[in-house]
1. Filter region 34-79 down to the residues that are over 17 Å from the mean Cα position of the chain (by Cα) and not in a helix (DSSP H, G or I), then identify the one that is surrounded by the most Cβ atoms within 10 Å (Cβ to Cβ).
2. Have a look at A47, A41 and point out the one that is touching an Asp or Glu at 6+ places or on another chain (Cβ under 6 Å) and of a type in the set (A, V, I, L, M, F, W, C).
3. Scan region 28-41 and give yes if some residue there is of a type in the set (K, R) and free of Cβ contacts under 8 Å to residues at least 40 places away in the same chain, otherwise no.
4. Among the candidates G30, G11, which residue alone is surrounded by 12 or more Cβ atoms within 10 Å (Cβ to Cβ), over 17 Å from the mean Cα position of the chain (by Cα) and small (G, A, S)?
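Derivation of every value follows stated rules applied to the coordinates shown; laboratory data play no part. Owing to the predicted nature of the structure, the values given are computational and were not obtained by experimental measurement. Note: ideal-geometry Cβ built from the backbone for every residue, glycine included; neighbour counts use all protein chains shown.
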Amino acid sequence: MKKPAVCPGCGRKFKYRELLTVNRSKKCPGCSKALYQTPAARKKQSAVLLLVIAVLLIVRTLFDLGDGLYLLTSTLSLIILFFGVPFLVEFDQKDRPMFGS
């Protein structure tokens, strides 16, 4: 299992619960510095979300699922995605663009 995200300034390890609600930036409780998600972490999160959506659309197209079963499958997939995202979070002290230099 991947190690929890660490503050690059003070080395404090974030708790899983703290990583459930990370937007573009987060303040470190240890050193009070603003931390930003790395472009690589944001790309991983986007790729995982795109993969989940693609799989849901393919399942919907290939299998004749009823609306209730499709809603259940979608809900379970999004819950798994929500609780898996903290393992993809990495921090940096600089806000860098997702694409480009």
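1. L65
2. The match here is A41.
3. Looking for residues that are of a type in the set (K, R) and free of Cβ contacts under 8 Å to residues at least 40 places away in the same chain, one finds none in region 28-41, hence no.
4. G30
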